[in-house]
C-alpha cells in the first residue's frame, strides 16, 4: 500500500469500505479516494490491495480507475484530438475524462481527428492533469552506441527531417534523405542509434546501419508486385519519390534489387514495367 495518493500515477491502495457509489480506497496516510462501481469486480474485497490510476473528475475531485491510460504523469504520448473549445483542445488518453491541452500549451492550432504528441503534466494552478506540446527533452548519454535498438515517437517535422522522442525522454532526429517509408506525426517506431552528437541530440536510423539484408528487400519487392496483380509501372528510371512511396526503399536499393531479381529470373523488366515471372 502506497504512503499517499498521487495524482497521475498508478497507486497501490487498500480497499477500506464498500459504499453505494463504489469502493473507497485508502493510503497509509489515511487519505481516501473513490473507485466507482463501473470498475469493481467480484474479486475485490475489503482489506485487499489493488492498483488504480488517479485523476480528477469533472468537479476536480480525485477519482480512481482500474483502466490503463495512454500515459502517466510525465509521459510523452501520441493522442487524438477529440474536441475543440475556445480555451483549448481535448485529447483522448483512454480514460472516461479526456485530457485538456490549453491554448497556451499548444505550439499550433489543433483540429479534431488530428494526432498530436503531448506530455502529461499537472497544472500548477488547478491541480488537474493537462497536456502540453511545450516540453523539453533530456540530452542522450554517450553510453548509447551505433545500432543500439531504441523506441521513437515522431513529434515534429523540421526542414532537416523529423524530430523524435527517443525512449520516452531523449531528443532524436531522422533526416529526410534517410527516410524510405511513410512517416507521420505521432507514429511510434523501432529504430537504431547512428550516434550521439556533442549537443546531446541523437541521430537516428530506421534501419540497422550497414546491415541491410538484400534478401529481405527482394522479398518485399516481390510481395508488393504480387499484391498489385504481379505487375507495376516501374523501371530503373522511375522517380525516387515514387519508389519510396510504393516500395519504402531508396532508388539505389531498388535498382540493385531489380538487377538481382532479373538475374535470378524472378521478374521480367520491359521498357515501362516490371512483372513477376
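Run residue 52 past the list (1) farther than 26 Å from residue 166 by Cα; (2) part of a loop (DSSP other than H, G, I, E, B) and report the number of the one that doesn't hold.
(2)
Conditions: (1) touching a helix residue (DSSP H, G or I) at 6+ places or on another chain (Cβ under 9 Å); (2) crowded, with 17+ Cβ neighbours inside 10 Å. Residue 20 meets all but one. Number of the miss?
All conditions pass for residue 20, except number (2).
Report yes if residue 105 is within 22 Å of the chain's Cα centre (by Cα), surrounded by 14 or more Cβ atoms within 10 Å (Cβ to Cβ) and within 21 Å of residue 164 (Cα to Cα), otherwise no.
Yes.
Among all residue pairs at least 6 apart or on different chains, which show Cβ distances below 7 Å where the first residue, located in the stretch 181-197, is without any contact (Cβ under 8 Å) to a residue 24 or more places away in the chain and the second is surrounded by 15 or more Cβ atoms within 10 Å (Cβ to Cβ)?
Taking only residues 6 or more apart or on different chains, the pairs are 197/203.
Can you confirm whether the stretch 20-40 contains a residue that is under 30 Å from residue 111 (Cα atoms) and part of a loop (DSSP other than H, G, I, E, B)?
No, every residue in the stretch 20-40 fails to be under 30 Å from residue 111 (Cα atoms) and part of a loop (DSSP other than H, G, I, E, B).
Name, by its number, the condition in (1) within 30 Å of residue 38 (Cβ to Cβ); (2) out of contact with any strand residue (DSSP E or B) (no Cβ under 6 Å at 6 or more places or on another chain); (3) in contact (Cβ under 8 Å) with a residue 24 or more places away in the chain that does not hold for residue 119.
Going through the list (1) within 30 Å of residue 38 (Cβ to Cβ); (2) out of contact with any strand residue (DSSP E or B) (no Cβ under 6 Å at 6 or more places or on another chain); (3) in contact (Cβ under 8 Å) with a residue 24 or more places away in the chain, residue 119 breaks only (2).
Can you pull out the residues in the stretch 240-252 that are closer than 21 Å to residue 230 by Cβ, in contact with a helix residue (DSSP H, G or I) (Cβ under 7 Å, 6 or more places away or on another chain) and surrounded by fewer than 18 Cβ atoms within 10 Å (Cβ to Cβ)?
Kept after step one, since they are closer than 21 Å to residue 230 by Cβ, are these residues of the stretch 240-252: 242-243, 245-249.
Filter once more, so that each one left must be in contact with a helix residue (DSSP H, G or I) (Cβ under 7 Å, 6 or more places away or on another chain): 243, 246-247, 249.
Of everything in the stretch 240-252, just one residue is closer than 21 Å to residue 230 by Cβ, in contact with a helix residue (DSSP H, G or I) (Cβ under 7 Å, 6 or more places away or on another chain) and surrounded by fewer than 18 Cβ atoms within 10 Å (Cβ to Cβ), namely 246.
Tell me, which residue of the stretch 196-227 that is in contact with a strand residue (DSSP E or B) (Cβ under 6 Å, 6 or more places away or on another chain) and outside any helix (DSSP H, G or I) is modelled with the lowest pLDDT?
Residue satisfying both the conditions and the ranking: 208.
The values are calculated or read from the model by the stated rules, or taken from the named source; none is laboratory data. Keep in mind that this is a model prediction, so the values were computed, not measured. When we count neighbours, we look across all protein chains shown, and the Cβ atoms used for this are built from the backbone with ideal geometry, even at glycine.
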